[in-house]
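In what follows, a single structure is set out as structure tokens and then discussed.
The values are calculated or read from the model by the stated rules, or taken from the named source; none is laboratory data. Since this is a predicted model, take the numbers as computed values, not measurements. We place every Cβ from the backbone using ideal geometry, glycine too, and count neighbours over all the protein chains shown.
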Amino acid sequence: MQNTTSEIRDFLNTVIRADDSALQPLCARFLHPGCVFEISYPFEPLQGPKAIIDGFLKPLRGALQHTRRRDEIFISGANRRTEGGDWITCVTHYLGTFSGAFMGIIPSQKLAFLRSGEFYRIENGKITQARIILDLPDLMRQAGRDPFGGKLGLETLFPGPATQDGVLPEGSNGAASLDLVEAMLGDLHHYDPHTGGSIGQTGQDGYWAEDMLWYGPGGIGSNYRWEGFVRDHRAPFLTAFPDRKGGNHYCRIGHGNYAAVSGWPSMTMTHRGDYLGIAPTGRALTLRVMDFYRCADGKIAENWVLLDYMHLMHQMGVDLIARSNELASPAQAPP
């Protein structure tokens, strides 16, 4: 699948910057006529090349002037889950001057990096299905209007892998990388409600490297080592959603030292505690998740996480776009 993966990467990097006249022929070449794109809230599902061009590509290109992609991870493999199929997954940034409103978000007129997690199902060299999480809360933060207020970890640009080999990596140990991640996920379900700890996650025989790095989405931020992960993400999350159940994945793949998993949704839970300043609602919620991992020496060294917090907060009755726009100065406010 190596040649197809390279071709799809070339397509994704070309279509985002091509002239308008080239969009239709490019998409006809690489998108199946019945292709469906499911994108994080507030997007509706888009079916067929025309709907994808009009509903996703053109709005994004219009908002980020001179749009480009910058891939940090780009891997592929056969799906281990029962849904099967060959999949390509990536962590990327769409960058450009944020000069036009995007999904109602007021632009900053400055450079912006919109992070994105993407899963593509491939059949006969064409994309038949896509699921994409755009980190819109982080785009709001970059525009100076953080709807969460930076309460947890470090809010920063997602870095590429420390080894700088995440795009089309070499190596035949993808199965071992995915084995490690799946074992970790299995034990992560069981935790001490008082400490947030889980047996087997850390220590000499644990799954995570001592100097692990966990890169989280807007609202959570990034952190360092297991204690940072627990403090900045796990403990607040489990306090708010103590009955959370995860792992409902449609796709799990491994490629070299990398693995990726995603669920749409992955988690079910009840909002029982304060979270990011939002009082408990008692509502049953779901959460769409994408995780990307780099493994080294039998440990998980880095983890990039995309969560559809736009959708999660919508279920909790919070409009993050409206909240962010309320922080705009009179000069920034739309007419």
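Worth a mention:
- Qualifying residue in segment 238-248 (condition: surrounded by fewer than 16 Cβ atoms within 10 Å (Cβ to Cβ) and of a type in the set (Val, Ile, Thr)): yes
- Residue that is surrounded by the most Cβ atoms within 10 Å (Cβ to Cβ), among those in segment 32-70 that are of a type in the set (Lys, Arg) and not in a strand (DSSP E or B): 61
- Members of segment 71-100 that are of a type in the set (Ser, Thr, Tyr), under 21 Å from residue 128 (Cα atoms) and crowded, with 18+ Cβ neighbours inside 10 Å: 76, 89, 92
- Number of the condition not met by residue 82 [criteria: (1) in contact with a Lys or Arg (Cβ under 8 Å, 6 or more places away or on another chain); (2) of a type in the set (S, T, N, Q); (3) at pLDDT below 95]: (1)
- Applying the condition of being part of a strand (DSSP E or B) and among the acidic types (Asp, Glu) to segment 101-159 and asking which residue is surrounded by the most Cβ atoms within 10 Å (Cβ to Cβ) yields 118.
- Residues of segment 130-166 that are at positive phi and in contact (Cβ under 8 Å) with a residue 12 or more places away in the chain: 144, 149, 150.
- Residue in segment 93-103 that is at pLDDT 95 or above, touching a Pro at 6+ places or on another chain (Cβ under 6 Å) and polar (S, T, N, Q) present: yes
- Residue count for segment 166-182, restricted to those that are more than 19 Å from the chain's Cα centre (by Cα) and modelled with pLDDT of 95 or more: 7
- Residue check, residue 23 more than 21 Å from residue 308 (Cα to Cα), surrounded by 16 or more Cβ atoms within 10 Å (Cβ to Cβ) and free of Cβ contacts under 8 Å to residues at least 40 places away in the same chain: yes
- Scanning segment 265-291 for residues that are surrounded by fewer than 20 Cβ atoms within 10 Å (Cβ to Cβ) and aromatic (Phe, Trp, Tyr) turns up nothing.
- Leading residue by the ranking (farthest from the chain's Cα centre (by Cα)) among those in segment 235-275 that are aliphatic (A, V, I, L, M), modelled with pLDDT of 95 or more and more than 30 Å from residue 174 (Cα to Cα): 240
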